[in-house]
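The values are calculated or read from the model by the stated rules, or taken from the named source; none is laboratory data. Quick caveat, the model's predicted, so the values are computed rather than measured. In this analysis, Cβ positions are derived from the backbone assuming ideal geometry, glycine residues included, and neighbour counts consider all displayed protein chains. Note: accessible area is taken over every heavy atom of the protein model, side chains too, but ligands, DNA and RNA are not part of it. Shrake-Rupley method; radii C 1.70, N 1.55, O 1.52, S 1.80 Å.
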Amino acid sequence: MPDRDAPPENGVLFEAAGLTKEYDDGRVPALRGIDFRIAAGEFVSIVGPSGCGKTTLLNLIGLLDRPTSGTLSYRGRPLHDLPHPASYRAREIWFIFQ
């Protein structure tokens, strides 16, 4: 796991490229090709109408679900490679369930 106190090499904490998520064997597209970068020290809000994919995106960032396609990385490391998702949520991103 990368050291959360050390700045990332390129300044990017999270990066998504071509992120998609589909449900019901592809009949329900929840995310369609999401690309973004979140830099160290940056504050970001995820806003939009009901049903636009906000919770789906947070579930992917928190490793509660896997994308259908695309990549999501934290500090330059693909999230699908992390061996302990619960440790990542608790120690790196401080994921809080409401």
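Counting 0.36 nm for each residue step from Thr68 to Val28 and taking away their Cα separation leaves a gain of 13.2 nm. When you restrict to C-alpha pairs under 8 Å that are six or more residues apart and normalise by the size of the chain, the relative contact order lands at 32 percent.
Looking at the chain, identify the longest residue range that excludes and avoids all GluC sites (Glu not before Pro) in DSSP loops having at most 12 other Cβ atoms within 10 Å.
Excluding the exposed sites themselves, the longest stretch runs over 43-98.
What accessible area per residue, rounded to a whole number of Å², is obtained for the chain using a probe radius of 1.4 Å?
Ligands and nucleic acids excluded, the result is 68 Å² per residue.
Averaging Cα coordinates gives a centre for the stretch 7-47 and one for the stretch 71-86; these two points are 13 Å apart. Its DSSP H runs of at least 4 residues, each contributing -39,500 (n - 2.57), put the calculated 222 nm mean residue ellipticity of the chain at -2000 deg cm²/dmol, to the nearest 500. Springs between Cα atoms under 10 Å define the GNM used for the chain, and in it the highest mean-square fluctuation of Arg32, Arg66, Arg75 occurs at Arg32.
Within the chain, the longest run free of chymotrypsin sites (Phe, Trp or Tyr not before Pro) that sit in a DSSP loop with at most 11 other Cβ atoms within 10 Å is 44-93. For the chain, modelled as a Gaussian network with Cα springs under 10 Å, which listed residue fluctuates most, Asp81, Asp25, Asp65? Highest fluctuation among the options: Asp25. Given the options Gly48, Gly70, Gly62, state which has the largest fluctuation in a GNM of the chain using a 10 Å cut-off (strictly under) for Cα springs. So, out of Gly48, Gly70, Gly62, the one fluctuating most is Gly48. The listed residues Leu63, Leu82 rank as Leu63, Leu82 when sorted by accessible area, largest first, using a 1.4 Å probe.
Checking (1) 43, 33, 22; (2) 41, 27, 26; (3) 54, 28, 22 against the coordinates, the calculated Cα extents along the principal axes in Å falls under label (2).
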